[in-house]
Amino acid sequence: MPLLWNNLFLNMKHRQKLSSTLSKYMENQSKSASEDLLNIPCVKEDWGGDGRGRMNLSGRRTAISPEYLPRQYQFFDTNKVPEEQNWQIPGMPNNVVAGSRRLLTWHDCGASTSKVILPTQFQAPSGIFTADLELFVLKGKIKIGEWQLTKHCYSFIPAGVKLGEWQVLGDEEVEILWMEDGAANYRNLQDNHPEAKLNEFIPVLDSKLLPWGKTDTVQFEVAKKKYLRKDANGGGVWLLAILPHYDGQQQMIQAYNEEGYCLAGYCDVGKYRFLKNHCWYCPSFSTLPRHISDDGGLFFVRVDRDLSKLSTVLSYANGN
């Protein structure tokens, strides 16, 4: 009998240990699957950054160049970019109404910037995105959860943050600058992902309510700036207002990656007239021609470096 009780005791201990091991295994598997759900690439910036800003603006291709062109700025009219009809947000249910997209810039890691149109009947369920997503509304009105985004509103949605339902409001389609910092697929999660950076979430920021501030560089002393977001590298997203009668006097070398979009007005950059709906992509160490504008302009800008640091923007007289 003592031997029998001993065997039973050992069997119970073995089962408990096995159960505990299996529980830990399933917990680790669940955690691993949960972590694998998100796609947060950190491409090191080609000016020497460590990638922690997560904007992934280095090494991009553009709508006018299928290959990355180091140190060569690219300007183009977004309305001349081919429009992809019946575009759907990846991962959304099939019954969600499709929109259209013009792909402007992209990186192999999945990061991209597009101009997206969502029709008036667009509605989508709540859920998360698997990568950081930035939105800037060009026209129309859309409701995401309890928040409404109207013209010139900005949102930063970190990967894994649970959003409410989407709905286009009114009788006007919504046009959005849709900026994915990785491949942003929709997933039907009913809560925030455990790795979601909720402290970075910007549900809606109405740029019209922000005060104008001064710029960080001497080349744009007579311009004004509204910060929408700063990233971990000190770069970020802002609006730039170039005042009438602006003249940058010299060329400039930009030791960072930049992309942007003209919202109103114009600026002549060398022989190129930058008008509304025109886009630019400037890789690190591009040399940009002299900037001049008689009437001024308003621009949406994304940059992956802190421009208040010395030698990030350099005036350059040679070649003028």
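Is one or more of the residues making up the stretch 257-267 of a type in the set (Asp, Glu), assigned to a strand (DSSP E or B) and touching a residue at least 12 places away in the same chain (Cβ under 8 Å)? Explain how you work it out, then say what you get.
Filtering the stretch 257-267 for residues of a type in the set (Asp, Glu) gives 258-259.
Okay, now just the ones that are also assigned to a strand (DSSP E or B), so 258-259.
From the residues that got through so far, the ones that are touching a residue at least 12 places away in the same chain (Cβ under 8 Å) too are 258-259.
Yes.
Please determine, by comparing only the residues of the stretch 91-111 that are within 12 Å of the chain's Cα centre (by Cα) and open to solvent by less than 10 Å² (accessible area, probe 1.4 Å), which one is farthest from residue 165 (Cα to Cα).
Of everything passing the filter in the stretch 91-111, 105 is farthest from residue 165 (Cα to Cα).
For the stretch 283-312, name all the residues that are out of contact with any Pro (no Cβ under 8 Å at 6 or more places or on another chain) and closer than 20 Å to residue 264 by Cα.
Those that are out of contact with any Pro (no Cβ under 8 Å at 6 or more places or on another chain) and closer than 20 Å to residue 264 by Cα: 290, 291, 292, 297, 298, 299, 300, 301, 302, 303.
Look at the stretch 65-76 and say how many of its residues are in a loop (DSSP other than H, G, I, E, B) and over 20 Å from the mean Cα position of the chain (by Cα). Outline the logic, then answer.
Within the stretch 65-76, the first condition is being in a loop (DSSP other than H, G, I, E, B), and the residues that meet it are 66-73.
Checking the rest, the ones that are also over 20 Å from the mean Cα position of the chain (by Cα) come to 66-67, 69-72.
Counting residues in the stretch 65-76 that are in a loop (DSSP other than H, G, I, E, B) and over 20 Å from the mean Cα position of the chain (by Cα) gives 6.
So, of the residues in the stretch 187-219 that are open to solvent by less than 30 Å² (accessible area, probe 1.4 Å) and modelled with pLDDT under 90, which turns out to be nearest to residue 148 (Cα to Cα)?
By that ranking, first place goes to 213.
What number of residues in the stretch 116-134 are open to solvent by 10 Å² or more (accessible area, probe 1.4 Å) and assigned to a strand (DSSP E or B)? Quick ask: steps written out before the conclusion?
Keep residues of the stretch 116-134 that are open to solvent by 10 Å² or more (accessible area, probe 1.4 Å), which gives 117, 119-121, 123, 125-126.
In the following step, the residues that additionally are assigned to a strand (DSSP E or B) were identified as 117, 123.
So the answer is 2.
Would you confirm, using the coordinates I've provided, whether residue 160 is modelled with pLDDT under 95, in a loop (DSSP other than H, G, I, E, B) and among the small types (Gly, Ala, Ser)? So that I can check it myself, show each step before the final result.
On the way: modelled with pLDDT under 95: no; in a loop (DSSP other than H, G, I, E, B): yes; among the small types (Gly, Ala, Ser): yes.
Considered against the rule, which asks whether it is modelled with pLDDT under 95, in a loop (DSSP other than H, G, I, E, B) and among the small types (Gly, Ala, Ser), residue 160 comes out as no.
Do we find a residue being more than 30 Å from residue 280 (Cβ to Cβ) and among the basic types (Lys, Arg) anywhere in the stretch 141-164?
Checking the stretch 141-164: at least one residue is more than 30 Å from residue 280 (Cβ to Cβ) and among the basic types (Lys, Arg).
The values are calculated or read from the model by the stated rules, or taken from the named source; none is laboratory data. Just so we're clear, the structure is a prediction, and the values are computed from it rather than from any experiment. Don't worry about glycine lacking a Cβ; one is built from the backbone with ideal geometry, like all the others, and counts go over all protein chains shown. Just the protein is used for accessible areas: all its heavy atoms, side chains included, with ligands, DNA and RNA removed. Shrake-Rupley method; radii C 1.70, N 1.55, O 1.52, S 1.80 Å.
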